[in-house]
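The values are calculated or read from the model by the stated rules, or taken from the named source; none is laboratory data. These numbers were taken from a predicted model, which means no experiment stands behind them. Quick reminder, even Gly has a Cβ in these numbers, built from the backbone with ideal geometry, and neighbours come from all protein chains shown.
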């Protein structure tokens with residue numbers, strides 16, 4: 001059986017935690033952040049957990065996630 005291919009765009013955006021949770025980056029990080037409050041802009045730096053309904057679909061895209 002051939003090796004499975006990793007979906008590279010997904011692998012760059014998602015991370016697996018030590019406990020096995022999938023974490024995602026927030027959208028809207030790149031520009032126009034100076035218009036937001038400092039607190040709102042800081043929230044974009046944190047990673048958010050992936051919704052449970054999407055997790056199985058995303059795990060299929062990154063089969064070798066560490």
task = Please work out which residue is nearest to residue 65 (Cα to Cα), limiting yourself to the stretch 35-52 and to residues that are in contact with a helix residue (DSSP H, G or I) (Cβ under 8 Å, 6 or more places away or on another chain) and at pLDDT below 95.
result = 44
key: Residue ranges of helices (runs of 4 or more DSSP H) in the chain with at least 1 members touching a residue at least 24 places away in the same chain (Cβ under 8 Å) and at negative phi   = 8-13, 52-61
